[in-house]
Structures are given as C-alpha cells and as structure tokens.
1. Between Met99 and Asp47, take the C-beta separation as r, use R0 = 30 Å, and let me know the FRET efficiency to the nearest 0.05.
2. May I ask you to list the residues of the stretch 34-55 whose amide nitrogen lies under 16 Å from a point 7 Å from Cα along the Cα→beta-carbon direction of Thr139?
3. Using the number of other C-beta atoms within 10 angstrom as an exposure proxy, rank Leu36, Leu56 with the fewest first.
4. What length, rounded to one decimal in nm, is gained on full extension from Glu91 through to Ser30, with 0.36 nm per residue of separation minus their alpha-carbon distance?
5. Could you tell me the relative contact order of the stretch 25-151? Use alpha-carbon pairs under 8 Å, at least six residues apart, and round to a whole percent.
6. Extent of the stretch 25-151 along each principal axis, from alpha carbon coordinates, in Å, largest to smallest?
7. Where a Cα-Cα gap under 17 Å defines reach, which lysines qualify for Lys87, not counting those fewer than 8 residues away within the same chain?
Amino acid sequence: MNMTRIAFVVGGALMLAACRLASTEQQDRSDVQRILTAYLESVKTADVDLAADVWLQSPDVVAVTPFGRFAGWDKVKSDLYVNFLQKAFIERRLEPSNMVIRVNGTAAWAVFDWTFTAKLANGQPITSKGWESHVYRKTERGWRIEHLHYSVPPPPPPMQPPAGAPATPPS
C-alpha cells in the first residue's frame, strides 16, 4: 500500500513538472511571437526606438542581408533602420507567411517567408519576396533578436533556346 502511494505521488509530481515545462515553453513561444510582431512593426514604421526594444543591445548582434552584413546593434540601427528603411523608403510593409517558431531553453528561432511591399523615396512602388530567419536570446528584459538572416530568390536563369534550335539567330 505504501509503495502505491509513493508511486502515485511521484507520478503526480512528474506530471506537474511536465505540465509546467510545456506551459513555460508555450509562454516562451508566445513571447517570441510578440517580439517578432513588434519587429515587423519596427520595419513598417522604421522606428529605431521600437527596434531597440526587440533587438539585443550588443556588439554580438549580426544581421545578414543581400546588401551587407551588419555587426553590432549600432550598425543595425544606423545602416538597416536609418540608412535603409528610413532614407530609402517612404512606406514599408513586411508580411510574413509559413512561420515556424521553436524554443529551446534560453534560445529560440523563427523562420518565415516574406513579401515586402514599399514605396521608394521617389514614390516608385516595389515588391520583393524572400525568406528570413531570426535567432532570439532570452534576457533579463525578455526575448531579443540576436541574429537575423534574410535571402531573396536568385534571378531566373537566362532563357535557353528549345532543343534543336540554333543557339543564335541566323544573320
């Protein structure tokens, strides 16, 4: 009888611990989602104050883009937010899709496809598509972006002539 009670108490304690762990992981995933949503808003508004709330304030931050690699929060702030988002565009919208968020202790990552629609400083509209990944670190202030990488699709290959056709038109 005593062994049954002990097994019941131990089993109950293990179930509570598993529930607490699942609850913490779900809360962390929700917190990362909130930071990612704030990041999207910081891009839309080119707001460096909002960006400062989502990025890790560290020289260890790295952002990799098709137009450069930016090391440290100060470079991300000046080169991505001010020189790129604020100066190159008068409107911006970054729409994610196919989003996946994973959490593992004090690290998390998010991966998504994106569509960026904007108006250049001269008013010309543009749209681009690509893929983005973030690495987050859990800090005393909550989750923060520590690393960002985004890519755009390569240009399509040049048109190939149909099989059997001459490579160059006859003169």
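Just so it is clear, none of the values below were taken in a lab; they were calculated from the coordinates. Since the structure is predicted, the reported quantities are computational estimates derived from the model, not experimental observations. When we count neighbours, we look across all protein chains shown, and the Cβ atoms used for this are built from the backbone with ideal geometry, even at glycine.
1. 0.90
2. 35-36, 38-39, 48-55
3. With the fewest neighbours first, Leu36, Leu56 line up as Leu56, Leu36.
4. Length gained between Glu91 and Ser30: 19.1 nm.
5. Once divided by the residue count of the stretch 25-151, the mean separation gives 25 percent.
6. 45, 30, 22
7. Output for Lys87: Lys44, Lys75, Lys77, Lys119.
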